[in-house]
Amino acid sequence: MSFDLSMIGVESGLQYETVYTTISNDGEKDAAVIGFVYLGGDSVSCSIFEDSQTLKNVMDSGEYVVNITQDPFIFTYCTISGLDECYFTDDEDLAILKDAGSYLIVDVEEVLEKSPRHYPVKSEGSVFEIRGRIRDMEINDSSVKAFNRGFGCLIDSLVNYTRYGLVDDEMKKFYDERLEENQRIINKVGDSGSIKAMELLKNNQEK
Ligand SMILES: Cc1cc2nc3c(=O)[nH]c(=O)nc-3n(C[C@H](O)[C@H](O)[C@H](O)COP(=O)(O)O)c2cc1C
């Protein structure tokens with residue numbers, strides 16, 4: 001089966017920041033911010049670090065829900081403390097965010113263990129690449145698009161560019177390093193427009 005994710009701002013091959021919702025064996029719902037990659041058709045992928053509740057729930061249940069939202073508090077609560085029950089729908093067999101613009105229900109197809117050296121982190125733990133198939137897609141509000149971090153990194157670099165001539169050497173060094181890191185992220189997750197725009201900016205900065 002094929003799904004049209006362009007309606008929710010998702011391009012094949014790119015990564016988006018989304019909220020994964022899962023249920024544990026004892027029925028407890030969990031929400032976590034996880035990068036979502038659409039591979040075309042009904043195929044999806046993500047990489048989840050060892051020791052997260054999401055990984056445990058995904059392995060145990062064989063399914064998960066990818067929620068498309070741009071709510072800053074949902075992203076923040078998920079990351080710093082966990083999301084209160086009131087954010088979820090009343091469904092007992094699936095964890096879904098009540099106010100998600102859209103959501104995808106995914107069945108796990110394949111789990112591949114990867115070395116953490118493929119990721120910019122200092123961790124001994126494994127990372128698991130989870131390949132899945134979309135079982136269902138529900139769009140509540142198509143004006144809510146999936147968030148791509150690449151564009152945010154480009155904007156951050158543009159702001160720093162306009163300030164470069166106004167700051168001391170220490171801050172210039174910080175901006176230079178930030179530019180390198182933003183370009184790394186854009187090359188990894190950004191769309192072709194953000195990649196080209198970043199090259200343009202970098203060439204201009206180096207002149
Ligand atoms: C923007 C953003 C993107 C993230 N992407 C991932 C990811 O792709 N894989 C992952 O394992 N953790 C990712 N994280 C970290 C998890 O959200 C974090 O470890 C979370 O606490 C896991 O929660 P859980 O134990 O409830 O699953 C991301 C965090 C943020 C803020």
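The values are calculated or read from the model by the stated rules, or taken from the named source; none is laboratory data. None of the values given here were measured: they were computed from a predicted structure. A quick note on method: Cβ atoms are made from the backbone with ideal geometry, for glycine too, and the neighbour counts reach across all protein chains shown.
A few comments on the model shown:
- Screening T69, T89 for residues that are within 13 Å of the ligand (Cβ to nearest atom) and surrounded by 14 or more Cβ atoms within 10 Å (Cβ to Cβ) leaves exactly one candidate, T69.
- Output for the stretch 48-99, where each listed residue is modelled with pLDDT of 95 or more and of a type in the set (F, W, Y): Y64, F73, F75, Y77, Y87, F88
- Matching residues, the stretch 19-41, being touching a Gly at 6+ places or on another chain (Cβ under 9 Å) and more than 8 Å from the ligand (Cβ to nearest atom): V37, Y38, L39, G40
- Within the stretch 63-94, being more than 18 Å from the chain's Cα centre (by Cα) and closer than 22 Å to L5 by Cα holds for one residue alone: L94.
- Considering residues of the stretch 1-18 that are among the charged types (D, E, K, R) and more than 15 Å from the ligand (Cβ to nearest atom) only, the residue surrounded by the most Cβ atoms within 10 Å (Cβ to Cβ): E11
- I48 vs. criteria under 13 Å from the mean Cα position of the chain (by Cα) and within 13 Å of the ligand (Cβ to nearest atom): yes
- Residues in the stretch 127-146 that are of a type in the set (A, V, I, L, M, F, W, C) and more than 16 Å from the ligand (Cβ to nearest atom): I134, M137, I139, V144.
- Pick from the stretch 164-207, criterion among the β-branched types (V, I, T) and part of a helix (DSSP H, G or I), ranking: nearest to V37 (Cα to Cα): V189
- Any hit, the stretch 116-127, residues being modelled with pLDDT under 95, under 18 Å from the mean Cα position of the chain (by Cα), more than 30 Å from L201 (Cα to Cα) and of a type outside the set (A, V, I, L, M): yes
- Test: residue in the stretch 63-73 that is more than 20 Å from E113 (Cβ to Cβ), out of contact with any strand residue (DSSP E or B) (no Cβ under 8 Å at 6 or more places or on another chain) and aromatic (F, W, Y): yes
- For the stretch 107-120, filtering for residues that are within 11 Å of the ligand (Cβ to nearest atom) and assigned to a helix (DSSP H, G or I) leaves 1.
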